[in-house]
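Some notes on the structure that comes next.
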Amino acid sequence: MSGGQALRYVYADILFVVNFVFNFSLLYLAGRLAGAPVAGRRLTLAAALGGAYGVASLYPSLSFLMSLPAKMLTSGLMVAVAYPTPRPGPFFRLLGLFYLSAFVVGGASMAWNYLTTGSATVLTGAGSRPLGLPAVLPAALFAGVLLHWAVAAGRERRRILSCCVPCRVVVGGVQVEFPALVDTGNRLRDPLSDSPVVIVEYPALDRLLPPEFGPVWQASDEDEPDISGLVAALGGTPWSARLRVIPFTSLGRASGLLVGFRPDEVIVGPQGRTVSRKDVVVCLSPRPLSSEGSYRALMPPEILEGDTAAWAG
């Protein structure tokens, strides 16, 4: 080349691998920050799509791929492939977290590259600097940390899922189903009947509850339900006989009250091997019980015991 500069080469396979590692890391980090379910196959496919885009951008005839609209379209497609959702809200939240992760990781890579080479330029496509260890090392280190996190999180998620069972609550012929975590720490009991207590997120039971219940519950303090308001709202209805108030204690709180009810039946377990219980109180939780949505209820192990349960199916 003129000016005494040596000819530089960019290897497409190395570029693909580096882009793949970066994209996989960023997509995984965005999903973890958003609390979205992470699927390895979808992340791999989306990261490969980004890697192919990086390689295609090397060709001068495809230089339009380096334009801002093309980059935004590609990143949106990657997020859609990794985390498919029909709702625009979660999608744009994931897309924003993907960009945020890219800015943070890209800034760290540029800083590392500057410290080691004296240049803040990183590989972006056609006409960029050749790849070297200073450009690859930050991505490799970051990906290694994330992969370790992914393995640990995956093991923990599998452990939690192995302790979850399908749970159905039946009231007046209407039933709702949700996953429940068998929780050995749940020792709550109804003080009147000594029945075991299942704690369920309020939204999971919304379809079962009477119309009078919702406005009072939503107007209540998140930490202290309006017991008198619920009693007044449900007075004179069949639900007045179902209503229960369960005292509890927890870490950081000396005492509190949970609002519950007596369902017609609670059916636990997979099809073909279910446990049917009628001596159960279902209590409402105002907060999500699992940040990732892996389960929506906490169930004491005794509900699965056969000595007081009727096995069906």
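The values are calculated or read from the model by the stated rules, or taken from the named source; none is laboratory data. Keep in mind that what you see is a predicted model, and the values were worked out from it rather than measured. Every residue, glycine among them, receives a Cβ derived from its backbone with ideal geometry; neighbour counts consider all protein chains shown. For the accessible areas, the whole protein counts, side chains as well, though only heavy atoms, and no ligand, DNA or RNA atoms are used. Shrake-Rupley method; radii C 1.70, N 1.55, O 1.52, S 1.80 Å.
Computed values, structure above
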read-out	value
With every protein chain in place, the range 180-266: carbon and sulfur % of accessible area (1.4 Å)	54
From phi via Karplus (6.51, -1.76, 1.60), per-residue ³J(HN,Hα) for the range 204-219 in Hz, x at Gly/Pro	5, 10, 4, 5, 7, 7, x, x, 5, 6, x, x, 5, 5, 5, 8
Gained length - Ser255 relative to Gln218, 0.36 nm times residue gap less alpha-carbon distance	11.2 nm
Förster radius 51 Å - calculated FRET efficiency between Met66 and Cys163 (Cβ-Cβ, nearest 0.05)	0.55
Residue-level accessible surface for Glu292, protein heavy atoms, 1.4 Å, Å²	60
Whole-angstrom gap from the range 7-72 to the range 168-214, using each part's C-alpha centre	45
Where Val231, Val182 fall by accessible area, highest first, once all protein chains stay in place (1.4 Å)	Val231, Val182
Chain lengthening between Thr44 and Ser228 when straightened (0.36 nm per residue, less Cα-Cα)	60.9 nm
Order of exposure, largest accessible area first, which applies to Leu230, Leu29 with probe 1.4 Å	Leu29, Leu230
Karplus-derived HN-Hα couplings along the range 233-249 (A = 6.51, B = -1.76, C = 1.60, θ = phi - 60°), whole Hz, x at Gly and Pro	5, 9, x, x, 10, x, 6, 5, 7, 8, 4, 9, 10, 10, x, 8, 10
